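Have a look at the structure below, then the notes.
Here, each number is a calculation from the coordinates, and none is a lab measurement. Predicted model, so just to flag it, every value in this text is computed and none were measured. Because the Cβ atoms are built from the backbone with ideal geometry, glycine has one as well, and the counts that use them run over all protein chains shown.
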């Protein structure tokens with residue numbers, strides 16, 4: 001079974017709007033990572049947040065982590081058509097560098 | 001570019017056959033992990049190699065095996081292929097900071 005659960009499973013917004021995706025997990029972690037995947041190809045690493053961090057930024061991305069609620073969120077601001085992809089959260093709940101993924105959120109940005 | 005390459009890109013096999021998938025990791029990354037991603041699902045951890053030794057395994061049968069070589073390349077071998085083995089196979093190498101960098105994947109179809 002998979003550790004993380006992303007919510008929503010699918011999200012469709014207009015270009016320029018912000019997109020928020022959520023991830024919940026079940027066990028204690030050392031870090032959580034977010035990845036993007038275009039059309040069933042390889043995963044692109046977006047950001048890693050450690051259990052002692054609450055928020056991280058990278059360009060238009062903002063990730064938060066609430067270890068008390070075992071949840072994380074990914075915010076993409078000022079979305080672009082090129083942001084259309086599937087987004088996955090992954091934790092190290094399986095052990096060091098053995099990632100456990102959720103089922104992902106399919107994000108569609110409409111022009 | 002992640003610096004991780006995989007070959008071949010696509011592969012078609014029939015039930016019962018054997019397959020070998022290859023991955024070349026980033027120089028200096030001693031850990032390589034393999035994942036299976038079925039259509040519409042998140043990746044699932046198959047196993048990990050560290051300095052040429054298996055270092056953890058997910059819920060996959062023994063017919064899934066691997067090798068890691070000193071030149072940062074690795075192989076995933078699957079024997080007695082089954083229809084359910086059809087998936088995208090991803091390898092990832094890990095940086096010392098725990099970030100995992102994924103290759104573009106090999107799409108395996110079993111007929």
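Of the residues in region A:55-63, none is in a strand (DSSP E or B), within 14 Å of chain B (Cβ to nearest Cβ), touching a residue at least 60 places away in the same chain (Cβ under 8 Å) and surrounded by 15 or more Cβ atoms within 10 Å (Cβ to Cβ). Can we say residue A:96 is within 14 Å of chain B (Cβ to nearest Cβ), in contact (Cβ under 8 Å) with a residue 24 or more places away in the chain, surrounded by fewer than 18 Cβ atoms within 10 Å (Cβ to Cβ) and not in a strand (DSSP E or B)? It is true that residue A:96 is within 14 Å of chain B (Cβ to nearest Cβ), in contact (Cβ under 8 Å) with a residue 24 or more places away in the chain, surrounded by fewer than 18 Cβ atoms within 10 Å (Cβ to Cβ) and not in a strand (DSSP E or B).
When region B:43-63 is filtered for residues that are at the interface with chain A (Cβ under 8 Å from one of its Cβ atoms) and assigned to a strand (DSSP E or B), the ones remaining, listed by number, are B:44, B:45, B:48, B:56. In summary, residue B:34 fulfils each of the numbered conditions (1) touching a residue at least 40 places away in the same chain (Cβ under 8 Å); (2) surrounded by fewer than 16 Cβ atoms within 10 Å (Cβ to Cβ); (3) within 11 Å of chain A (Cβ to nearest Cβ) with the single exception of condition (2).
Scanning region A:64-85 for residues being in a loop (DSSP other than H, G, I, E, B), surrounded by 12 or more Cβ atoms within 10 Å (Cβ to Cβ) and free of Cβ contacts under 8 Å to residues at least 60 places away in the same chain gives a total of 4.
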